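The values are calculated or read from the model by the stated rules, or taken from the named source; none is laboratory data. No experiment lies behind these values; they were computed from the predicted model shown. No Cβ is skipped: glycine too gets one built from the backbone with ideal geometry, and neighbour counts run over all protein chains shown.
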Amino acid sequence: MGKYFLRRIFYAIPAIIVISFVSFLLIQLPPGTFADTIAAQMMESGGVTPEAIKAIEERYGLNQPVFVQYWKWISGILLRGDFGQSFIWGRPVGTIIWDRLGYTLLLTGFAFLFVCILSIPIGIYSAVKQYSVGDYIATSIGFLGLAIPGFLFALILMFIGFRFFDQTVGGFFSPEFTHAPMSWAKFADLLSHLWMPMIAVGMAGAASLIRIIRANLLDELLKPYVVTARAKGLSEFRLLIKYPVRLALIPFVATLGWMLPQLISGATIVSVVMSLPTTGPLLLRALLGQDMYLASSFIMLLSVLTVIGTLISDVLLAIVDPRIRFQ
Amino acid sequence: MIDPTKTVTGDIIPGAAAAWHDTEASLQLASQWKLMWWRFRKHKLALVSGIVLICIYLVAAFVEFLAPFSTDRMISELAYAPPQRLRFLDRTEEGRKFRLHVYGYKYTIDELSLEREFKVDPDQKFDVRFFVKGEPYRMWGFIRGNRHLVGPVDTGAPFFLLGADRLGRDLFSRLIYGTRISMTIGLVGVMMSLILGILLGGISGYYGGTVDLIIQRIMEILRSMPTIPLWMGLAAAIPYYWSPVLVYFMITLILSVIGWTWLAQAVRGKFYSLKTEDFVVAAKLDGCSELQVIVSHMVPSFISHIIATLTLAIPQMIIAETALSFLGIGLKPPVVSWGVLLKEAQNVRVLATSPWLFMPGLAVIIAVLSLNFLGDGIRDAADPYK
Amino acid sequence: MIGSESSNTESSNYMDGNKDVFLEVKGLKTHFFTNEGVVKAVDGADFQIQRGSTVCLVGESGCGKSVTARAILQIVDKPGRIIEGEILMHRRDGKVVDLAKLNPGSRRMRAIRGKEIAMIFQEPMSSLSPVHTIGNQIMEPIHLHFDVEKEEARNRAIDLLKRVGIPKAEQRLDAYVFQLSGGMRQRAMIAMALSCQPNLLIADEPTTALDVTTQAIILDLIKELQADLNMTILFITHDLGVVAEIADRVVVMYLGKAVESGSVDAIFHDPKHPYTRALHRSIPKLGESDKGRLDTIRGMVPHPFARPQGCTFHPRCDNFMPGVCDRIDPPIISMGEGVDVRCLLYGGRESEQPASSEGKEEANGN
């Protein structure tokens, strides 16, 4: 087991290196640099001279070859934990990204919980009681999640919230709790703001997982080991959970790993729609403003999060399926 | 071949001959495609979806004719006007008479918010006709015409079947125009993914070894990066001064660069498992060249699976383009796609007072749902193990 | 030595005496109600199993032997159901339980499964869970039916593994099914079935999926265990060679009915039913290679929805009597010395009942 874990980490390292490079490269793609944005601003407020632009380029190191710039950035991260400077906000990136990332993790985490809590029981039920009313409800939820992308769902939820419950979305906390220390009341307030984005982000994932669990369980229920278990005298419920469900959960766990990037993506875009204090809106601004270090750091960290997530799910898979460990 | 009308020892089984010839004969001659079609026909949902999709693509084809107006025609005083109902009977003092028309608007301006409140005005009647003469257009860029399927007789009259947007433009017309862009971007993107996916997936699966390992690693890395931030990065990289057409192609390229991994994975998996199948070995032993083996033997056995995967990839593309345009980093005005239209509906307050602005969202949902059902139906029909 | 000899050599008429009978199956009918129609998988099975003996259920694929076995434990898959008949289990304290009347999901039935009657299956790889250790699966029925500590259950499991001949039992307990060879897996399954010391072991073709050498080993093991524990065994197979080796009594089934039952000697040396005789003839025998083609039973097994009227074997029967065999469904005729046959050659013409509703037209014409 330990060997398997180490092997996976070993493979993840080159992946992270490539990701960091790609993230950096991404922001280099648009023509021009941040210097041009500043220049445009300066244009409006009075005039701009070539020397001024040059000075900005010097100051931010924008006129050096890409590899040099990349190296400076990466070494800064690895040696000093310094992610660079945000041009737009004029502050070190580190002060901006961490709580944003934290909130993204929070939203993604809750969406993940939502997916599991919703899809496992519904998936099991609709496989065991095929063609029943519950099965049709489950299939309908499946279609909802399939057809309505996250951001549209977010819009619909916001619309319903606004029109019928007079609730506005924006941020995770009501004004009175924003700077207050953590408490149960604050947590409850958080949940009341979290439920809408959580559903919007998790719905698509929940829908596809319901279908996956249902399909896999239907397959497993017909297998011989179920008959053996019954012949031993187990009750239907116990044998259901111990055997076919356990086996049907294996592809479920496998799918979870692949679902993580989707959840993070979904969280990004839903946050933009709902103006939440997560990475999404900030990343958008950074990209549009060519705020190099901020954007690259965001993309890289989000991708690293996903890699870690897939790693965790691979390990989970090995725990749940002994066949993987021994081969 | 075993003679099903006789036993192993040669005795004739009574009645078997007749029964055999009736049903089996047709099955014996049915090609793979025919069998698929028969199975597909049974899947009612997929059939209905197929019809819906054909309708949608027909709309996309005949946009200029179907839309009452062009995309930039506006009546500014009627911004955010609610949808009008098409009325068929005219009630006058003389009685009722068939007359296609709509009622006009009467609006009052709220003093505090400066917003307009619209009310239907039955005294204003604007005639509407089918195959009416309207704004001239060039269908597909070269066929001239000026007939529209439906529209007001007076081209300046207010005619908003789905309401008006922020600038007083007809949402119905813009929705139809958006259909063309949104539905074709999916196709083009998928084609590109297909080429990339089959090429790389095929090489990877067929040759195996280090080539496979490298390509696998690349695919893994690409797949572990969350797509939306990646798209956002790439899309934001498109210079703002590029022409809309160029932007369109760039967007599809971006979408396919991420999308191909999924297809490549499927192709690779199939090649891998087929490589060791007996019929492939037999073909090789027969003396077929590598290319022959691949094209005549391996490809036909999974082509239906590929088609199903493709059909399921198109809705992903549509959603992706819609999402990017919705955020403002995909297609931009004056190009009209459903995503661009939805961008107007981003503000909840606006949406609450003018819910018809959500119609493009409904269009997306219907298109995506139909494509998914269709893809499911094709996949089920193509699966030889069901 | 019990086990390889017939254990009721001098008992008289089998059907009335119930000397130490453990299980009696009477007129069992198990039908499957599918969308396309009713499949009469078991349509009249009658036999008895004496304590300590081995009864073999023989027949071609589709004759209903597996379904019969499963019906005893009430684990017939949906849409199958027992619609008629009795399955009488005689407990040592004299009580008789009709298993056919018990609800499949009831606590009483569950208490019997695994404890009083246990079952082993054909393919151990797919019949055992791939993600649970074999120790877990062997101890499961122990914990289920007895109130024991984990320690004791574990020890019992290790003993069982040793008993069935698995070396390094302690380590093997924590192994997974895929880590064992084919023969080992079947031994593990046998260990699992014996864990609660059942009165009856039902073996559903346990050696069919094994190679010949392993088959011989497993059969030896089963015989040995039967001798040691005085086990009663219901062994299902289509292989007459296996029957010759281990059976005390044989029940031959065709299309859901038991067509002949008797001691293994009687069935092999003096088969009465034409089907049994045909089966006999079709066994390739050493030294007869000059005969040319192998004998087969002519015709094919009919489609479940198109069963012949009257005696279901008549289209393939060498002793077919026109007008008789295609009209009358043969009743059970007792031939003495424990042999029962369902064949009009030996009687039953008097009971002119049409076999099924399809026979109504024939009854008028002719």
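Assessment of the stretch C:111-125 against the conditions (part of a helix (DSSP H, G or I), touching a helix residue (DSSP H, G or I) at 6+ places or on another chain (Cβ under 9 Å) and either surrounded by fewer than 19 Cβ atoms within 10 Å (Cβ to Cβ) or of a type in the set (Asp, Glu) (or both)) yields at least one matching residue.
Meeting the requirement of 2 or more residues that are within 14 Å of chain B (Cβ to nearest Cβ) and either modelled with pLDDT of 70 or more or surrounded by fewer than 18 Cβ atoms within 10 Å (Cβ to Cβ) (or both), the helices (runs of 4 or more DSSP H) wholly within the stretch A:1-104 are A:2-28, A:34-45.
The residues of the stretch C:126-142 that are outside any helix (DSSP H, G or I) and either surrounded by 21 or more Cβ atoms within 10 Å (Cβ to Cβ) or in contact with a Gly (Cβ under 6 Å, 6 or more places away or on another chain) (or both), listed by number, are C:Leu128, C:Ser129.
Okay, residues lined up against (1) over 11 Å from the mean Cα position of the chain (by Cα); (2) more than 8 Å from every other protein chain (Cβ to nearest Cβ); (3) surrounded by 24 or more Cβ atoms within 10 Å (Cβ to Cβ):
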| site | (1), (2), (3) |
| --- | --- |
| A:Leu239 | yes, yes, no |
| A:Pro251 | yes, yes, no |
| A:Ile264 | no, no, yes |
| A:Leu276 | yes, yes, yes |
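Scanning the stretch C:38-86 for residues that are within 14 Å of chain A (Cβ to nearest Cβ), of a type outside the set (S, T, N, Q) and not in a strand (DSSP E or B) yields C:Val67, C:Ala69, C:Arg70, C:Ala71, C:Ile72, C:Leu73, C:Ile75, C:Val76, C:Asp77, C:Lys78, C:Pro79. Pairs linking a residue in the stretch B:235-254 that is within 13 Å of another protein chain (Cβ to nearest Cβ) and over 14 Å from B:Ile185 (Cβ atoms) to a residue that is part of a loop (DSSP other than H, G, I, E, B) and of a type in the set (A, V, I, L, M, F, W, C), with Cβ atoms under 6 Å and 6 or more positions apart or on different chains, are B:Ala236/B:Ile329; B:Ala237/A:Leu29. Scanning the stretch C:87-104 for residues that are surrounded by 12 or more Cβ atoms within 10 Å (Cβ to Cβ) and within 14 Å of chain A (Cβ to nearest Cβ) gives C:Leu99, C:Leu102, C:Pro104. Within the option set B:Phe118, B:Phe98, B:Phe126, being touching an Asp or Glu at 6+ places or on another chain (Cβ under 9 Å) and surrounded by 11 or more Cβ atoms within 10 Å (Cβ to Cβ) holds for one residue only, B:Phe126. How many of the residues making up the stretch A:275-294 are in contact with a Gly (Cβ under 7 Å, 6 or more places away or on another chain) and within 17 Å of A:Val22 (Cβ to Cβ)? So the answer is 2. Which members of the stretch C:199-242 meet the condition of being in a helix (DSSP H, G or I) and closer than 15 Å to C:Ile49 by Cβ? Selection gives C:Gln226 alone.
Rundown of residues vs (1) among the β-branched types (Val, Ile, Thr); (2) touching a helix residue (DSSP H, G or I) at 6+ places or on another chain (Cβ under 9 Å); (3) within 14 Å of chain B (Cβ to nearest Cβ), yes/no style:
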position: A:Leu218; (1), (2), (3): no, yes, yes
position: A:Tyr225; (1), (2), (3): no, yes, no
position: A:Ala229; (1), (2), (3): no, yes, no
position: A:Val245; (1), (2), (3): yes, yes, no
position: A:Val270; (1), (2), (3): yes, yes, yes
position: A:Gly289; (1), (2), (3): no, yes, yes
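Let's see how each residue does on (1) under 21 Å from A:Ser265 (Cα atoms); (2) surrounded by 20 or more Cβ atoms within 10 Å (Cβ to Cβ):
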{"residue": "B:Ile176", "(1), (2)": "no, yes"}
{"residue": "B:Val188", "(1), (2)": "no, no"}
{"residue": "B:Leu200", "(1), (2)": "no, yes"}
{"residue": "B:Ser204", "(1), (2)": "no, yes"}
{"residue": "B:Thr210", "(1), (2)": "no, no"}
{"residue": "B:Ile221", "(1), (2)": "yes, yes"}
{"residue": "B:Ala235", "(1), (2)": "yes, yes"}
{"residue": "B:Leu246", "(1), (2)": "no, no"}
{"residue": "B:Ile251", "(1), (2)": "yes, yes"}
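Annotation: A:Ser126 fulfils all but one of (1) part of a helix (DSSP H, G or I); (2) more than 15 Å from A:Arg214 (Cβ to Cβ); the unmet one is (2). Checking the stated criteria, B:Leu35 turns out not to satisfy the condition of being touching a Gly at 6+ places or on another chain (Cβ under 7 Å) and either surrounded by fewer than 14 Cβ atoms within 10 Å (Cβ to Cβ) or modelled with pLDDT of 65 or more (or both). The criterion of being of a type outside the set (S, T, N, Q) and either in contact (Cβ under 8 Å) with a residue 40 or more places away in the chain or touching a His at 6+ places or on another chain (Cβ under 9 Å) (or both) does not hold for C:Gly105. Does A:Ile312 fit the bill of being out of contact with any helix residue (DSSP H, G or I) (no Cβ under 6 Å at 6 or more places or on another chain), modelled with pLDDT of 80 or more, part of a helix (DSSP H, G or I) and within 14 Å of chain B (Cβ to nearest Cβ)? Taking the combined requirement at face value, the residue satisfies it.
Any idea which residue in the stretch B:317-365 is surrounded by the fewest Cβ atoms within 10 Å (Cβ to Cβ), counting only those that are among the hydroxyl-bearing types (Ser, Thr, Tyr) and more than 8 Å from chain A (Cβ to nearest Cβ)? Of everything passing the filter in the stretch B:317-365, B:Thr353 is surrounded by the fewest Cβ atoms within 10 Å (Cβ to Cβ). Residues in the stretch C:49-71 that are at pLDDT 90 or above and either in contact with a helix residue (DSSP H, G or I) (Cβ under 6 Å, 6 or more places away or on another chain) or acidic (Asp, Glu) (or both): C:Thr54, C:Cys56, C:Leu57, C:Val58.
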